[in-house]
Every structure is written in structure tokens, then in C-alpha cells.
Amino acid sequence: MTLDTLLKHLSLSTVRPFIADLIPMAEKEGWTYSQFLERVLSEAVAQRSEKRIATQIARAKFPFTATIETFDFTFHRDLKRQMLGRFLGPELVSEARSLILEGPPGTGKTHLCIAIAYKAIQNGFVARFTTAAALINELSIAPDRTAALKPYLQPQVLVIDEMGYLGYGAGAADVLFQVVDHRYHQRKPILFTTNKPLSQWGRVLRDEELAKAILDRSLHYGEYLKLSGSSYRLKGRKFDLDDSSLSYDQPTPGHTKNPLGD
Ligand code: ADP
Ligand code: MG
């Protein structure tokens, strides 16, 4: 069999151009056979890993690409990168470190959760992104709840974005509790973002007891972080979202109706 055929059989055809470039270099520098082989196999491993990461990022269904490297920590007075270190390594999964990120719109909650999940994928794990509304809707109407739960129970890391933006229907707490409880027993972390203080989750979910049980499990091995400050979306703009003259019901002429964009 030729080298090309052998590489094809091993699904290593993409290493072929690398080998072609490497041979003259190895000859010129007098590498040993094992040095040469090591370089070729390292390239094959690197290519596989890159491919796995790209596939997993596509499967995670992130709404946008965000990494910890592109997060501007100077925008936040209270948030330091070190505070997130605990969520960026393999301990996120091995110690089931769930996270609840609370804060007003545009403070980077979704960005940070995507960035943490992105790092988890780079660390070899599987992650999945969803919004609370999508998760609750999907599971509430699923004819086969067990099957529908699978995509949210299998990944090691689950992001549940935007807890509290909508008034959820009856049964929402029940559905969410199922996800949280299963994942808690499997020791798999959930990253939540919310615009509501934890004390209001009961009202949001229309069930105080279940909301408490959800928070209790999420915070057992997890953490709660509150972001404050103004919206990054409106950086450098004149809007002040805390300014009471900005009313959403009666927009000030000349202003966009909903400067939150959420
Ligand atoms: P939230 O979920 O809190 O409403 P997002 O995470 O969706 O806010 O952030 C809104 C937009 O601003 C996104 O495009 C995000 O990438 C960007 N963004 C927010 N905060 C930062 C930051 N500190 N550094 C860089 N980009 C940011
Ligand atoms: Mg968000």
C-alpha cells in the first residue's frame, strides 16, 4: 500500500501536506526516525483535537461566539478574571461547579457563560447552550419527556440563559426542576444567567418551593455571582438605563423604544 492509501485508511489524509513539508526539513536537519514520527503524530493529534473542538462548538448551539480572551474585564470594577478561574479549568466538570450569573442587560452574562462553556469544550468536554424559555417550552410539549431531556442531561456542561425574562407557564418549575435535579445527581454543572435576584425565582417560576429546591441544588457545589454596571452594548452611548426619564411605555422622542435590545 502507498503512503497515501495508508493515511486514508487511518483517516489521516489531512496530515499528508504536512509530511511533504516535513521531509526536506528532517533531511536537512538530520532528524532521527523517532523525531520525525513524533512530529507527524503530534500534528495528527493536533488536527483531530481542532476538528473535535469545531464540531462540538457547532453542536453546542451558542447564539454567538464569545471567549474569555475577548471579554474586557476593564469594563467591570468588581469582576476580576481570577474570580472566574474556578470555572475555566477541568474542575468545572470534575467538581460540578454550577454558576448563577445575575445582572442587568448588557453586562456580559451570556458572553461569560458562552466563554466558560467554550473553554470546557477546549478542555475535552461536551457543552450545550439553551435559553430557559426554549428549554421549558420544548420539554413542556414533548410527547416523550425522557427522550426530550437527553440533549440537556448528556452534555457535561449546560448553559441555561435568561432565567426570568419571561413569565413562564404553569409546569415550568416542574420541568426545570427535573433538569436541575437529574444533573445534580449526575454531578454535572449548569451555568445560569438571570436578570432576577434569586429571591424572585419563586415568583418567576410560580412555585416558591420548587424554585428553592432548584437554587439549593444549583448552589450546593456552585456559586452565585452578581454583575453590576452599565450595558456594554451601549458603551459610549448617551443612554442611562437607570435614568427614570427613559420609560419603555412612553418612549422619549428621539430615543429607541427599547434601548435594552433584549
Ligand atoms: P447580557 O447577557 O448580560 O445581556 P451579553 O453577554 O449578551 O450581555 O453582552 C452583550 C454584547 O456585549 C455581546 O455581544 C457581548 O459579547 C458584549 N460584551 C458584554 N460585555 C462585554 C465585555 N466586558 N467585554 C467584551 N464584550 C462584552
Ligand atoms: Mg444575555
Would a scan of the range 191-210 turn up a residue that is crowded, with 19+ Cβ neighbours inside 10 Å, away from ligand 1 (no atom under 16 Å from the Cβ) and among the hydroxyl-bearing types (Ser, Thr, Tyr)? no
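Please specify each residue of the range 9-49 satisfying the condition of being within 30 Å of Val159 (Cα to Cα) and surrounded by fewer than 12 Cβ atoms within 10 Å (Cβ to Cβ). Steps first, please.
As a first pass, look at the range 9-49 and keep what is within 30 Å of Val159 (Cα to Cα): 45-49.
Correct list: Val45 only.
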Screening Arg128, Arg86, Arg77 for residues that are of a type in the set (Lys, Arg) and within 12 Å of ligand 1 (Cβ to nearest atom) leaves only Arg77
Please work out which residue is nearest to Lys61 (Cα to Cα), limiting yourself to the range 118-158 and to residues that are among the small types (Gly, Ala, Ser) and exposed (fewer than 15 other Cβ atoms within 10 Å of the Cβ). Ala134
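Condition check ((1) in a helix (DSSP H, G or I); (2) modelled with pLDDT under 95; (3) closer than 30 Å to Gly103 by Cβ) across all residues:
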site: Asp4; (1), (2), (3): yes, yes, no
site: Ser11; (1), (2), (3): no, yes, no
site: Glu27; (1), (2), (3): yes, no, no
site: Phe36; (1), (2), (3): yes, no, no
site: Glu43; (1), (2), (3): yes, no, no
site: Ile53; (1), (2), (3): yes, no, yes
site: Ile57; (1), (2), (3): yes, no, yes
site: Pro63; (1), (2), (3): no, no, yes
site: Glu69; (1), (2), (3): no, no, yes
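Any chance the range 176-196 includes a residue that's more than 30 Å from Leu88 (Cα to Cα) and modelled with pLDDT of 90 or more?
no
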Considering residues of the range 82-106 that are open to solvent by less than 30 Å² (accessible area, probe 1.4 Å), part of a helix (DSSP H, G or I) and within 11 Å of Lys188 (Cα to Cα) only, the residue farthest from ligand 2 (Cβ to nearest atom): Val93
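Only one of Gly164, Gly171 is more than 13 Å from the chain's Cα centre (by Cα), over 19 Å from Phe87 (Cα atoms) and within 16 Å of ligand 1 (Cβ to nearest atom). Can you tell me which? Step through it out loud before you land on a result.
Details: Gly171 fails: within 16 Å of ligand 1 (Cβ to nearest atom).
Exactly one of Gly164, Gly171 is more than 13 Å from the chain's Cα centre (by Cα), over 19 Å from Phe87 (Cα atoms) and within 16 Å of ligand 1 (Cβ to nearest atom), namely Gly164.
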Identify, from the list Lys150, Lys119, the residue that is in contact with a Leu (Cβ under 9 Å, 6 or more places away or on another chain) and within 30 Å of Lys51 (Cβ to Cβ). Lys119
Among residues belonging to the range 179-190 that are charged (D, E, K, R) and within 22 Å of Thr110 (Cα to Cα), point out the one that is least open to solvent (accessible area, probe 1.4 Å). Arg183
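Answer yes or no as to whether Ala115 is open to solvent by 20 Å² or more (accessible area, probe 1.4 Å) and either part of a helix (DSSP H, G or I) or of a type outside the set (Asp, Glu) (or both). Please lay out each step first, then the result.
Values: open to solvent by 20 Å² or more (accessible area, probe 1.4 Å): no; either part of a helix (DSSP H, G or I) or of a type outside the set (Asp, Glu) (or both): yes.
Against the criterion (open to solvent by 20 Å² or more (accessible area, probe 1.4 Å) and either part of a helix (DSSP H, G or I) or of a type outside the set (Asp, Glu) (or both)), Ala115 does not qualify.
The values are calculated or read from the model by the stated rules, or taken from the named source; none is laboratory data. Small disclaimer: the values here were computed from a predicted structure and weren't measured. FYI the Cβ positions are ideal-geometry reconstructions off the backbone, even for glycines, and counts take in every protein chain you see. Only protein heavy atoms, including side chains, enter the accessible area calculation; ligands, DNA and RNA are left aside. Shrake-Rupley method; radii C 1.70, N 1.55, O 1.52, S 1.80 Å.
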